[in-house]
Structures are given as C-alpha cells and as structure tokens.
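The structure appears below as structure tokens.
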Amino acid sequence: MFVVATAGHVDHGKSTLVRALTGMEPDRWAEERRRGMTIDLGFAWTTLPSGATIAFVDVPGHERFVPNMLAGVGPVPAALIVVAADEGWMPQSAEHLAALDALGVAYGLLAVTRADLADPGPATAQARAEIAATSLGAVEAVAVSGLTGAGLPDLRAALERLAAGLPAPAVDDPVRLWVDRSFTVRGSGTVVTGTLGAGQLRVGDELEVAGTQETVRVRGLHSLGEARPDVAAAARVAVNLRGTSRDRIGRGDALLTPGRFHRTDLVDVRLTGDPAADLPAALTLHVGSAAVPVRVRPLGADTVRLRLARPLPLLVGDRALLRDPGRHHVAGGVRVLDVAPPPLARRGAAAARAQVLADLDGRPDLAGELRRRRLVRAGTLIRMGVPAHAEPVAGDWLADPAHWRRLGDQVTEEVTRYAREHPLEPGMPVEVLRQRLALPDRVLVEALIRPPLRVHAGRVGAAGVADLPEPVARAVQRVRDEYGDRPFRAPEADHLVDLGLGPREIGAAVRAGALLRLADNVVLLPDALDDAVRVLAGLPQPFTLSAARQALDTTRRVAVPLLELLDRRGATRRLPDDARIVVT
Ligand SMILES: Nc1nc2c(ncn2[C@@H]2O[C@H](COP(=O)(O)OP(=O)(O)OP(=O)(O)O)[C@@H](O)[C@H]2O)c(=O)[nH]1
Ligand SMILES: [Mg+2]
C-alpha cells in the first residue's frame, strides 16, 4: 500500500477526484456534505490496475483549516496536488505547496481538475512552474474531470508510476504512529488512526503513548476497513487500544515503540527554504500530526532553538514547519539538528552553539555526536535517531576515542597523585576517582583502568608486585605460590620469616595492595576479601563464626579478624547474637 495526501485550494475538486478514483466518500461529516466543503481529514482507498493499493488522505483547502491539512500531510511522503483549470493557482495552492516544501515532500503529482470547464493548459503551466521550485521538483501533470471522468485512466497510470518510484518503507524501524483521529467503538474501546510511515504493528504489541507515557496494548488492527493480525508500513491503520481512553489520546499524539524515542521540549533546528529575517518569537511547530506552540530563539544565520509548549518524540533529521497562525502563513521549514541540546547558560554560549550547528545538516552522525557529547549511552543516541554502530567502552556507553584516551591519562595522574597524598591507603577509592573525572557511571571508571593499575576491594592501585622492591615482590610471589589455592590460610608468624616477610616488607606489600593485613602477622593475598564474601554468601544466612571458618577452610586466627574487616567494610553485618549475614 502507499499513501498519498491531497493538497490544493478550496473547491478545486480534491474530494471529487478522490471520490471518482475510489468510489468512497472522503467527506465524513454531514456538515461537510451540507456545505460542500472539506473541514477535516478524509480517508479513502482503492486498488489500481496493477494491483497496488493506494490510500488517500484528503485534506481541506479552506484557509481556516490549514492546521487540519498539516496534520494530514505531516506523516505522508507523497502528494497529489490539485489545481482547478478554471481558477488556476490560488493562495492555498501556494500555502499548501509551501507546507509540502517545508516538510521536504519529494514525491508528487499534479492533477488539473475541472478540465471540462476550462482549458487546463495555463493552470498546468503555472502550477508546474511553482512546483518545480520546491522539494517536489518536476512532477507529472494530468488533466482530469472529476465530473465526466475524463483523464482518470491517465491519472491512475501516473499514480502507479508515482508508487513505483517511492522508496521502500523502513519496516524494521521502530514505530512512531502520529495519531490523526481517535474515537470510541462500542464494545471495543479506544481506536486511533494514522499513517504508518515506518515499522510494523501486530495485535498484542505493547506501545507507549507519547503524551501520557502510558503503556498500551494493541487489541486489534484494521487497515483499509479490514481486521488484520499485523500491518507493515506504509499503511493507513486503525489501532484498537487497551489501557487508555479516548480523552487521553488524540490528534497530535503518537504511538511509539517503547523505549525507542526521546521526548523533548527543546530542539535546535535549521530553517530551510527562505527563512524570514524577522521570524516572530512565538510560532506553531507542525510535525507529524502535531501542532505545538513554540518560542523561537535565534542562534545562527539559519539556526534557531525552539522551546516547545509540550514535549514531542522527535528525532534528529525530522522535518517540520513553523507557521504563524495569526497571519495564515507558513513561516518556514525546519530540519531538526539536535533533540537534546546543551543549555546556553554562560555568556557567549549561544554564539558557540551557532558555530556547532553550522556544521550539522540533520543527517545522523555518530562520530560527531560522540565528539560533542564525549560519553553517551548507545540507547540514548538511538532514541535521538542516531544509529549507534560503535563498540561500547563499558556497558552500553560509547565514547569519543580522543576523549577516552584523555580520560585514560587522567586516571593515571589522579591515582598517582592520590597515592602520594594518601601513602597509607591501599589505593584510590573507585568512587573518588569517578567524581574526580566527573564520570556518570562507575563502570566507566573500571573500564579505564589498565595494568599496572587494577581495582581491588573498591580501590584503584598499582598491581602491587610489579612496583615492589625486588625482595618484597619475590616474597609475595612465594606466598602466591604456596597459598594461591588456599586463599584463607595465612602463613604462621615464623613461616613469614622463612618467606622473607619481616614487618617492613609486610608494610610495603600492604601499602602496594599486594598483601592484605588482617592483624599483626596475619596476612592474606588481596583477592581474599572478595573471595570470602562470595563463599559466605553461599552459606545459609545468618551464619556463625564457626560455620564461616569451616566454609572458608581456615582457622580462628584468620576468620575472626577477616569477619571483623568485612563488617567494617560493610560486606557483612554482625547481628546481636554474634551471627552474621552477608549484606547484598
Ligand atoms: N465541472 C466540474 N466540477 C467539479 C469538478 N471537480 C469538482 N467539481 C465541483 O467543484 C466543487 C468543489 O469540489 P470539491 O471536490 O468539494 O473541492 P475540494 O477541493 O475538495 O474542496 P475543499 O475540500 O473544500 O477544499 C463541487 O461543487 C464539485 O462538484 C470537475 O472536474 N468538473
Ligand atoms: Mg474537499
């Protein structure tokens, strides 16, 4: 299926043409039929001779209803521009075309209607010239009469060619279904409709309502009037929802694949086309089916910051338009450059920002995002519309390579300085290092630590042995050789002497984090703490000293100070009856 929106001045024959092509009535309301004028969006569809299905979103031409028109064309990538042969190019022909241009609509056709009333030649020539100057470029033109049916076969053939030229929809993309109608069906509940431009929907899917952030479930799907188990883009679709009510979702809202969109009320954008130098400070932003008041803050020659009255699920690269509702005038097109821009607090920040924006074009650019944001979660970028094809440095964190190298150097500097300032501590606490480097997540700190540094018991220090004076290093190595497979057995006092570990050597080894001192002459290898917690966590809780001693396969000489140390570190807690539990 492909979807086409009509466009054109009031009374130029849009609805008549849709009716003639589909046999369906696009003017749904009695008032529309009584007044002979489209007020709100209409929907109709048909099968073309090739078998392709085409759905129309029929828009109103009257200038009062331009906001409705924009809600219809916003999510639709192709337009059928209608101009009456007997009237020619008129104000809303121009305004609708300006809107399509602002939205970057690149696919379209010109139908010159009412060709039974006047020579279609002049209207065709003028309309083609106007259209050629926009994002639509050169389009095919067909003269038709909705009344006599003349030209309709040609128009159908031209629609087939239009369909064949449309890019394939991105069916694997997440869903962002802009809602253009919502209503209640007795017995079924809330139904919303929209044009599905990308992705697919299945009965049973969970979706997120952009406005309320409620989770809803797809209870039923209809497309072109038929119930369907699933619908893939591009399509007109009606979605029956469980978990919301009609007054909580309506035109301008969107149904989203959960977790895949960033809602934002602050965006930096480039103005496209011919931006007016004196852009009003208050305008309406039209995007998808939404219309939201915005405050405009100029930044660069053609870039501005928009503060939205309510957040929208926008992506980098989105096209939108700004309109001055008071003056009935499309003020300009907009291309979203950044959906999570930095605040402009410091003096000169706006000018600096303008420089950054000057190099952006709305095409997602991973390297550029990383350069600007330095560290960002892959999920955050994806929610902004930036594919995050890069190897994370830790967890789902992505880093700008140069920034990451600088951080690595800083780690060495900070740890060295800390060791100098705190010579008796067995390393720099990871949390202190995290704060010094202003890193948002501890896993980043851990990922930055490279040999000879290492993390042990929550601290970053030299790997120990390597930095020790030769005799001490050898002594520690002997302890490893002898006790590596019985980590909770401590050498007896006299054996320490055999190993070459006198009080001074023990002191040096402990400071370097190569040994752990539990009490005078009671030392273990430094991994013993973490290992002990693991073993103790496997015991039925709470556990007694004796149970711990047995599980650790050690003596009271080690078990008592070891448990006391674990208590002090908060890894275990001693209960009033002297039993303990592992704190998780
Ligand atoms: N003679 C003739 N009359 C037409 C033709 N197409 C439309 N009309 C008439 O023109 C009038 C307006 O037609 P509509 O189809 O309602 O025009 P529209 O563009 O949908 O108007 P809005 O939706 O209000 O913008 C109606 O009276 C139609 O009967 C045509 O090809 N020939
Ligand atoms: Mg109409």
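The values are calculated or read from the model by the stated rules, or taken from the named source; none is laboratory data. A quick note: this is a predicted structure, and the numbers were derived from the prediction, not measured. All Cβ positions, glycine included, derive from the backbone under ideal geometry; neighbour counts span all protein chains shown.
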Response to the item:
Expected single match for crowded, with 16+ Cβ neighbours inside 10 Å and more than 19 Å from TRP89 (Cα to Cα) among VAL59, VAL4, VAL66 is VAL4
Worksheet item: Inside region 57-104, can you point out the residues that are of a type in the set (Gly, Ala, Ser), closer than 20 Å to ASP180 by Cβ and more than 11 Å from ligand 1 (Cβ to nearest atom)?
Response: ALA71, GLY72, GLY74, ALA78, ALA79, ALA99, ALA102, GLY104
Worksheet item: Do any residues in region 4-16 that are within 23 Å of GLY165 (Cα to Cα) have Cβ atoms under 8 Å from those of residues that are among the charged types (D, E, K, R) and near ligand 1 (Cβ under 6 Å from one of its atoms), where the two are at least six apart or on different chains, and which pairs are they?
Response: THR6/LYS14; ALA7/LYS14; GLY8/LYS14
Worksheet entry | Output for region 489-544, where each listed residue is closer than 17 Å to ARG573 by Cα and either in contact with a helix residue (DSSP H, G or I) (Cβ under 6 Å, 6 or more places away or on another chain) or buried (at least 16 other Cβ atoms within 10 Å of the Cβ) (or both) | LEU529, ALA532, VAL533, VAL535, LEU536, LEU539, PRO542, PHE543
Discussion item. If I filter region 339-375 down to residues being touching a residue at least 40 places away in the same chain (Cβ under 8 Å) and touching an Asp or Glu at 6+ places or on another chain (Cβ under 6 Å), which single residue comes out as surrounded by the most Cβ atoms within 10 Å (Cβ to Cβ)?
Written reply: LEU357
Worksheet item: Of everything in region 6-31 that's of a type in the set (D, E, K, R) and near ligand 1 (Cβ under 8 Å from one of its atoms), which residue is modelled with the lowest pLDDT?
Response: ASP27
Item to complete: Keeping to region 300-309, report how many residues are among the hydrophobic types (A, V, I, L, M, F, W, C) and out of contact with any strand residue (DSSP E or B) (no Cβ under 6 Å at 6 or more places or on another chain).
Response: 1
Item to complete: Go through region 19-65 and count every residue that is more than 13 Å from ligand 2 (Cβ to nearest atom), in a loop (DSSP other than H, G, I, E, B) and touching a residue at least 24 places away in the same chain (Cβ under 8 Å).
Response: 4
Response to the item:
Note on ALA94: of the conditions (1) closer than 20 Å to VAL105 by Cα; (2) touching a residue at least 40 places away in the same chain (Cβ under 8 Å); (3) not aromatic (Phe, Trp, Tyr), unmet is (2)
Discussion item. Can you find, within region 135-154, the residue that is farthest from ligand 2 (Cβ to nearest atom) among those that are crowded, with 21+ Cβ neighbours inside 10 Å and either among the β-branched types (Val, Ile, Thr) or in contact (Cβ under 8 Å) with a residue 60 or more places away in the chain (or both)?
Written reply: VAL142
Worksheet entry | Enumeration of residues in region 136-148 that are at pLDDT 95 or above and not acidic (Asp, Glu) | LEU136, GLY137, ALA138, VAL139, ALA141, VAL142, ALA143, VAL144, SER145
Worksheet item: Is region 66-81 home to any residue that is more than 43 Å from the chain's Cα centre (by Cα) and within 16 Å of ligand 2 (Cβ to nearest atom)?
Response: no
Discussion item. Restricting to region 105-117, and then to whatever is more than 10 Å from ligand 1 (Cβ to nearest atom) and among the small types (Gly, Ala, Ser), can you tell me which residue is farthest from the chain's Cα centre (by Cα)?
Written reply: GLY108
Item to complete: Of the conditions (1) within 21 Å of ALA282 (Cα to Cα); (2) part of a helix (DSSP H, G or I), LEU344 clears all except one; give me its number.
Response: (2)
